[in-house]
Amino acid sequence: MLRAENESLRDRVTRLETELAKDSTNSSRPPSRDGVEVRKKRAERRADVRKQKRAQGKQPGAPGATLERRRPDTILEYQPACCGGCGADLADAAVVGEVVRQVIDLPPVEPAVIDHVAYRRRCACGVETVADLPPAAKAPVCWGPEMRAFAVYLLVRQHLPVARTAELLADLLGAPVSTGWLCQIQQEASGRLAPFITELKRQLKASPVVHADETGTQVGVTKHWMHTLTTNLLTLIAVHPKRGVEAVTDIGILPGYTGTVVHDGYSSYEVFDQATHAQCGAHLLRHLDDVGAAVAFELWTSQLARVLLDAKVAAETAAAAGHRVVDADIAAAITSRYRSTLDVAFALLPPGPPPPRRHSGGYSTAQRKAWNLATRMRRDTDAVLRCLTDTRVSSDNNVAERALRMVKLHDKISGCFHSLAGAEAFADIRSYLQTADHHNRNLLGVLRDLFTVGPWLPPAAASP
């Protein structure tokens, strides 16, 4: 009994040590949760890579670049008063040369105050008619569309907190707005985006490949989830109290979707079986690195990681050549290596599945993790190697992760959302700005359109 208890305790200690050793390089934990030492090592690795690639600054033989001269708005001339040698007066001396320095600076910024006067005229019939005012003049005194667009830009694109945004507008523009107005203007922008969100969802549902991911965020005192469904040109971000199937169903893209969904293997996406599925290779590489920390599994995990990287290269090469699928012989060879490596993985494990309960004998923590990963990769072989049969499918899920990275940045800078309405407004506006950015649109320009002529809509021919 003591030997069995000792073995169980040793296994638990191993598992806890493994959990403590997890970071962004060997698990799905985000880099923001890494400790100081892990961050230092990552920075050192990046510095070594940069040194190997090239030195910082201008490269030998590269053309130089500097500010170009522009047509001046104002010319200021300066004359020397006296000779620098003998001190003689130079008022009548000949001009023999000049030195020109151009300074590009900002003029003082002040808001333009415009009175919109609508006259009322009385007809001979006695009826009085008032001229129409522009939509911007919605109150006796109000801020115009330029101010509204700039405020939303600072709040959602640059992630400034509300109080600091109010401070910046007052100091820089002489526009003392209230924090309540800033919150209200985000709600107004979100309400104006309804046609854009409808069109965005329609185009995403018609896209042959979409990337899906989710991340947690705080709304008040409750944890919510920011979900994204995105392509290279379209980004939808939506907030929901749930993480799983209910949330994805409510967003409304994946129910009935028949294209390919790229995700990290989260089981809630697998429910939508009308779609084809592809799993993120970057996540699998991290899991392989974690399992390979055990010496007994180091060989097969490194071999399987090499197979995944070879599949990625083969798919990218075929896509660059304009092929929809990887050459059959190359794909067959990669798939054969994949399956044979998994056979090796199972040969190194005890026979049969691990017991349902941990620490009950037969399987150590390392063996249990290895069995779970090998079983998943064998079961989902088609999804893991999807890029071989459709080169439109990326071997990773970076598109979706990049879409959600700004959500985490917003949490760090501005703090949590105080209400669900505020979180939903942020998600809608962020979807609008990221999609416009993918299409190389000026973001202040599309926000100005939002408050004047209506939201910009992505071109109908958008594709991943």
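The values are calculated or read from the model by the stated rules, or taken from the named source; none is laboratory data. None of these values were measured; they are calculated from a predicted model. Neighbour counts are summed over all protein chains in view; Cβ atoms, including those assigned to glycine, are modelled from backbone coordinates with ideal geometry.
Structure values in brief
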{"read-out": "Residue match in segment 233-246 (condition: within 30 Å of ALA315 (Cα to Cα) and either assigned to a loop (DSSP other than H, G, I, E, B) or more than 20 Å from the chain's Cα centre (by Cα) (or both))", "value": "yes"}
{"read-out": "Some residue of segment 109-120 being touching a Ser or Thr at 6+ places or on another chain (Cβ under 8 Å) and either closer than 30 Å to PRO134 by Cα or not charged (D, E, K, R) (or both)", "value": "yes"}
{"read-out": "Failed item, numbered, when GLY352 is tested on (1) over 30 Å from the mean Cα position of the chain (by Cα); (2) surrounded by 15 or more Cβ atoms within 10 Å (Cβ to Cβ); (3) not acidic (Asp, Glu)", "value": "(2)"}
{"read-out": "Residue among LYS223, LYS242 that is charged (D, E, K, R), within 22 Å of GLY415 (Cβ to Cβ) and without any contact (Cβ under 8 Å) to a residue 24 or more places away in the chain", "value": "LYS223"}
{"read-out": "Any chance ASP171 is of a type in the set (Asp, Glu) and surrounded by fewer than 13 Cβ atoms within 10 Å (Cβ to Cβ)", "value": "yes"}
{"read-out": "Single residue of ALA305, ALA328, ALA332, ALA314 found to be in contact (Cβ under 8 Å) with a residue 40 or more places away in the chain and either over 23 Å from PRO30 (Cβ atoms) or not β-branched (Val, Ile, Thr) (or both)", "value": "ALA314"}
{"read-out": "Residue within segment 207-226 that is among the aromatic types (Phe, Trp, Tyr) and assigned to a helix (DSSP H, G or I) present", "value": "no"}
{"read-out": "Matching residues in segment 386-442 - criterion: being outside any loop (DSSP other than H, G, I, E, B) and hydroxyl-bearing (Ser, Thr, Tyr)", "value": "THR389, SER414, SER431, TYR432, THR435"}
{"read-out": "One residue from SER24, SER8 being among the small types (Gly, Ala, Ser) and assigned to a helix (DSSP H, G or I)", "value": "SER8"}
{"read-out": "So GLY216, is it modelled with pLDDT under 95 and farther than 21 Å from SER32 by Cα", "value": "no"}
{"read-out": "Check on VAL130, β-branched (Val, Ile, Thr) and closer than 22 Å to PHE451 by Cβ", "value": "no"}
{"read-out": "Every residue from segment 247-263 that is over 24 Å from LEU284 (Cα atoms) and either polar (S, T, N, Q) or part of a helix (DSSP H, G or I) (or both)", "value": "ALA247, THR249, ASP250, ILE251, THR258"}
{"read-out": "Test set (1) under 23 Å from VAL113 (Cβ atoms); (2) buried (at least 22 other Cβ atoms within 10 Å of the Cβ); (3) in contact with a Lys or Arg (Cβ under 8 Å, 6 or more places away or on another chain) - ALA151 fails condition number", "value": "(3)"}
{"read-out": "Qualifying position, being small (Gly, Ala, Ser) and modelled with pLDDT of 90 or more, among ALA91, ALA131, ALA136", "value": "ALA131"}
{"read-out": "Any hit, segment 357-367, residues being touching a helix residue (DSSP H, G or I) at 6+ places or on another chain (Cβ under 6 Å), at positive phi, touching a residue at least 40 places away in the same chain (Cβ under 8 Å) and in a loop (DSSP other than H, G, I, E, B)", "value": "yes"}
{"read-out": "Count of residues meeting criterion [more than 21 Å from VAL407 (Cα to Cα) and either touching a residue at least 40 places away in the same chain (Cβ under 8 Å) or more than 23 Å from the chain's Cα centre (by Cα) (or both)] in segment 26-41", "value": "5"}
{"read-out": "Residue match in segment 309-320 (condition: hydroxyl-bearing (Ser, Thr, Tyr), within 30 Å of ARG15 (Cβ to Cβ) and part of a helix (DSSP H, G or I))", "value": "no"}
{"read-out": "Any hit, segment 181-204, residues being in contact with a Pro (Cβ under 6 Å, 6 or more places away or on another chain), touching a residue at least 12 places away in the same chain (Cβ under 8 Å), of a type in the set (A, V, I, L, M) and not in a strand (DSSP E or B)", "value": "yes"}
{"read-out": "Within segment 1-38, considering residues that are surrounded by 11 or more Cβ atoms within 10 Å (Cβ to Cβ) and of a type in the set (Gly, Ala, Ser), the one farthest from CYS280 (Cα to Cα)", "value": "ALA4"}
{"read-out": "Residue count, segment 199-221 (criterion: surrounded by fewer than 16 Cβ atoms within 10 Å (Cβ to Cβ) and under 30 Å from GLN279 (Cβ atoms))", "value": "5"}
{"read-out": "Selection from segment 434-454 of residues that are surrounded by fewer than 20 Cβ atoms within 10 Å (Cβ to Cβ), closer than 20 Å to LEU229 by Cα and in contact (Cβ under 8 Å) with a residue 40 or more places away in the chain", "value": "HIS438, HIS439"}
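Every residue, every condition in (1) crowded, with 19+ Cβ neighbours inside 10 Å; (2) in contact with a helix residue (DSSP H, G or I) (Cβ under 7 Å, 6 or more places away or on another chain), yes or no:
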position	(1), (2)
ALA320	no, no
VAL325	no, yes
ALA332	no, no
ASP380	no, no
VAL384	yes, yes
ASP390	no, no
ARG402	no, no
